[in-house]
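See below for the structure under consideration.
The values are calculated or read from the model by the stated rules, or taken from the named source; none is laboratory data. Computed from a predicted model, the values in this text were never measured in an experiment. Virtual Cβ from ideal backbone geometry, glycine too; neighbours counted across all protein chains shown. The accessibility values were calculated without ligands, DNA or RNA, using every heavy atom of the protein model including side chains. Shrake-Rupley method; radii C 1.70, N 1.55, O 1.52, S 1.80 Å.
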Amino acid sequence: MTPIRLRLCVAIFSPVLLASACANAVDQEIPVSFTVPSTVELAEPAPIRIEGLSSGEQVIIILERADDWSPAMLRQSQTTYIAGPDGAVDTSRSTPSGGAFEGADTFGLFWSMTRTQEDATEFSPGEVRVTIDVGGNGEVDHEATILLSLGAGVTTTSPLDGFPGAFLTMPKDKGADLLPVVVVLGGSEGNDFTARFMAPRLSQLGYAVLGLPYYSPVYYGNDQRFPNLPSAFAKLPVDYVEQAIAEVRTVDGVDPERVALYGVSKGAELALLAASLIPDEEQGGGYCAVAAVVPSDVVWAGWGREADQAYASFSYQGQGLPFVPHIGMEEAISRRSRGENVSFRVPQDKGREAFPERVPNARIEVESIDEPVLLLGGDADDTWDSGGMARNIDAARRALGLPTTTLVYPEAGHGLSGSGYLPGDEATAKARAEAYPILIDFLEKACREAR
């Protein structure tokens, strides 16, 4: 029989608050405490603990927040737990009895959140509402708020003149020390989506972050967002990265000696090219670190022009780079634009298999990058074989003893950029949860401690 509870007390990760919240609950037969973190750094888990339950009692934890990409849309997860013999549920060690994931996973409550049709405009950035239903009777026993530390309110952003769509995000309280710079290069989605997402999250950790769009596509009926950027992914100049870095090194408050590259997907291809091609002695060259998330080990053919096999994705000093063709990419893009579920990996796998003689010349000379390199790949990547290509890069660098950190996840997909709090499939989300703090530690050691 479930004992009668007169009050549910809530602690926000503070023994003092917990004692205070429960001080007036001594008249309860079994006081129930509900402990949540108030603010969460993205590299750290956010355990939720409920105590004072009856052994075997059911409790439902519901999380709600605004979608990262469409803030007006609500995301929600609902996970059921059964209290153990100690009358407690602890999401860091308790296994759910119902929900979207299995096993103890403090991030699971977050990455399993799915979109609903409900409005989320009441939520501020990073705000997560936690609702507890003790007994599973559909009634709200109590709720609390967790704030994911996304950089909102603690960073400031300004444009980088001369580079369409480029911007520099810096912590508001940056102090007197010069800030290391992280250059964020997004993938084939183009524009500034990846940069806008990552910039405040990295900047709040004490970095100046240069978001650098280098391509602004016209696709799916949308107008070009940055008309002064290329609209086709073909012969995009690596020199553009060099020029932007040379410019950002002149900005007050940044440390010109500590510039890191962070690239995702085609942006990882570009980051590795920039680090391998641009001489260290040039004003736009010489980096403290390179992070390549779901990378390529070769330059691929471009797309977006009539003859997609005639152009490389990238150029340097006015010349298209040697590349590996793909087979059927334009058709795949067309089908995707019609809403079909299409694998972009297939055209590239077919091209690599059909043109093996093109691979050696198209290979990115990663052994010429003397800076520390971090590689994240997934074998279940349906966009391209980032797991296999990360291994190729790792092998080429390790043969020469170059500093390389490589994480390849057999069941993870393409979405390895970001933290474990992002929604996604279980394998990729768990990979992100493991990789994100490693990324932060990598940048810290390469661009701060190594100074």
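Quick notes
- Residues that are assigned to a loop (DSSP other than H, G, I, E, B), open to solvent by 10 Å² or more (accessible area, probe 1.4 Å) and under 19 Å from LEU270 (Cβ atoms) within the range 349-370 comprise GLU365, ASP370, listed in sequence order.
- Looking across the range 176-205, just one residue is open to solvent by less than 20 Å² (accessible area, probe 1.4 Å) and modelled with pLDDT under 95, and that is GLY190.
- Scanning the range 272-290 for residues that are in contact with a Pro (Cβ under 9 Å, 6 or more places away or on another chain) and either among the aromatic types (Phe, Trp, Tyr) or open to solvent by less than 10 Å² (accessible area, probe 1.4 Å) (or both) yields LEU272, GLY285, ALA289, VAL290.
- The single residue among ALA152, ALA144 that is in contact with a strand residue (DSSP E or B) (Cβ under 9 Å, 6 or more places away or on another chain) and either surrounded by 15 or more Cβ atoms within 10 Å (Cβ to Cβ) or farther than 25 Å from GLU247 by Cβ (or both) turns out to be ALA144.
So that you can scan it fast, the table gives a plain yes or no per residue for (1) crowded, with 20+ Cβ neighbours inside 10 Å; (2) among the β-branched types (Val, Ile, Thr):
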position	(1), (2)
VAL59	yes, yes
TRP69	no, no
LEU74	yes, no
GLN78	no, no
GLY84	no, no
THR95	no, yes
ALA100	no, no
ALA104	no, no
PHE110	yes, no
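- Residue within the range 436-445 that is farther than 24 Å from VAL181 by Cβ, at pLDDT 95 or above and aromatic (Phe, Trp, Tyr) present: no
- Which numbered condition PRO180 misses (of (1) assigned to a loop (DSSP other than H, G, I, E, B); (2) out of contact with any Ser or Thr (no Cβ under 8 Å at 6 or more places or on another chain); (3) within 30 Å of VAL154 (Cβ to Cβ); (4) not aromatic (Phe, Trp, Tyr)): (1)
- Sole residue being surrounded by 24 or more Cβ atoms within 10 Å (Cβ to Cβ) and acidic (Asp, Glu), chosen from GLU257, GLU269: GLU269
- Members of the range 423-432 found to be open to solvent by less than 20 Å² (accessible area, probe 1.4 Å) and either closer than 12 Å to LEU407 by Cα or of a type in the set (A, V, I, L, M, F, W, C) (or both), listed by number: ALA429, ALA431, ARG432
- Some residue of the range 323-338 being open to solvent by 10 Å² or more (accessible area, probe 1.4 Å), among the polar types (S, T, N, Q) and at pLDDT below 95: yes
- Hits in the range 234-249 (condition: among the β-branched types (Val, Ile, Thr) and in a loop (DSSP other than H, G, I, E, B)): VAL238
- Members of the range 222-237 that are buried (at least 20 other Cβ atoms within 10 Å of the Cβ) and either aliphatic (A, V, I, L, M) or free of Cβ contacts under 8 Å to residues at least 12 places away in the same chain (or both): LEU229, ALA234, LEU236
- Test: residue in the range 303-315 that is under 25 Å from the mean Cα position of the chain (by Cα) and either farther than 18 Å from SER188 by Cβ or of a type in the set (S, T, N, Q) (or both): yes
- Scanning the range 424-451 for residues that are within 15 Å of GLY377 (Cβ to Cβ) and among the aliphatic types (A, V, I, L, M) gives ALA427, ALA431, ALA435, ILE438, LEU439.
- Residue in the range 98-115 that is under 24 Å from the mean Cα position of the chain (by Cα) and assigned to a strand (DSSP E or B) present: yes
- Conditions (1) crowded, with 17+ Cβ neighbours inside 10 Å; (2) touching a His at 6+ places or on another chain (Cβ under 7 Å): number failed by ASP382: (1)
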